[in-house]
Amino acid sequence: MLAVLSVVMLALNIYWWIIIASAILSWLYAFNIVNSGNGFVDSIAQFLYRMTEPLYRRIRRFLPDLGGLDLSPLVALLGIFFLQQVIIIYLYPAVAQAGI
């Protein structure tokens with residue numbers, strides 16, 4: 001069971017970095033630092049969009065409209081941090097104590 005929790009923690013860490021990369025790339029697009037016509041950059045942007053947008057869409061349903069400011073990546077990162085802390089503080093010790 002500890003192995004399953006470790007895999008979940010790894011998946012959460014990977015998703016954390018995907019959200020960070022998506023936010024940085026969106027800033028680079030917004031300030032015209034990255035050429036959006038480049039095929040390689042566009043494929044990375046499409047990958048990051050497909051990985052993050054389903055979660056962002058769910059979060060945006062509950063957030064108020066703040067105009068051009070999108071807080072959904074911040075809320076997603078806070079949610080991931082919360083899940084990681086629950087796993088570390090409550091689940092790891094419980095599974096270790098149970099000997100599963």
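The values are calculated or read from the model by the stated rules, or taken from the named source; none is laboratory data. None of these values were measured; they are calculated from a predicted model. Cβ atoms come from the backbone with ideal geometry, glycine included; neighbour counts cover every protein chain shown. The accessibility values were calculated without ligands, DNA or RNA, using every heavy atom of the protein model including side chains. Shrake-Rupley method; radii C 1.70, N 1.55, O 1.52, S 1.80 Å.
Annotations
- Computed with a 1.4 Å probe over protein heavy atoms only, the accessible surface of the chain comes to 72 Å² per residue.
- Note on the chain: with charges restricted to the Cβ of Lys and Arg (+1) and Asp and Glu (-1), its dipole about the Cα centre is near 200 debye.
- Using equal-weight Cα scatterers in the Debye expression, the normalised intensity of the chain in log10 at q = 0.10, 0.11, 0.12, 0.23 Å⁻¹ is -0.38, -0.45, -0.52, -1.19.
- Those chymotrypsin sites (Phe, Trp or Tyr not before Pro) in segment 1-83 that DSSP places in a loop and that have at most 13 other beta carbons within 10 Å: 31, 62
- Measuring r between the beta carbons of residue 90 and residue 13 and using R0 = 22 Å, the FRET efficiency lands at 0.75.
- Computed on the chain, with alpha-carbon pairs under 8 angstrom and 6+ residues apart, the relative contact order is 41 percent.
- Segment 38-84: trypsin sites (Lys or Arg not before Pro) in DSSP loop, at most 13 other beta carbons within 10 Å: 61
- To put it simply, the accessible area of the chain at a 1.4 Å probe is 70 percent carbon and sulfur.
- Cβ-based charge dipole, the chain, positive-most Cα from 19, 56, 32: 56
- Straightening the chain between residue 44 and residue 57 buys 2.7 nm, computed as 0.36 nm per residue apart minus the Cα-Cα spacing.
- FRET efficiency for the pair residue 77 and residue 31, taken as 1/(1 + (r/R0)^6) with r the Cβ-Cβ distance and R0 = 22 Å, rounds to 0.55.
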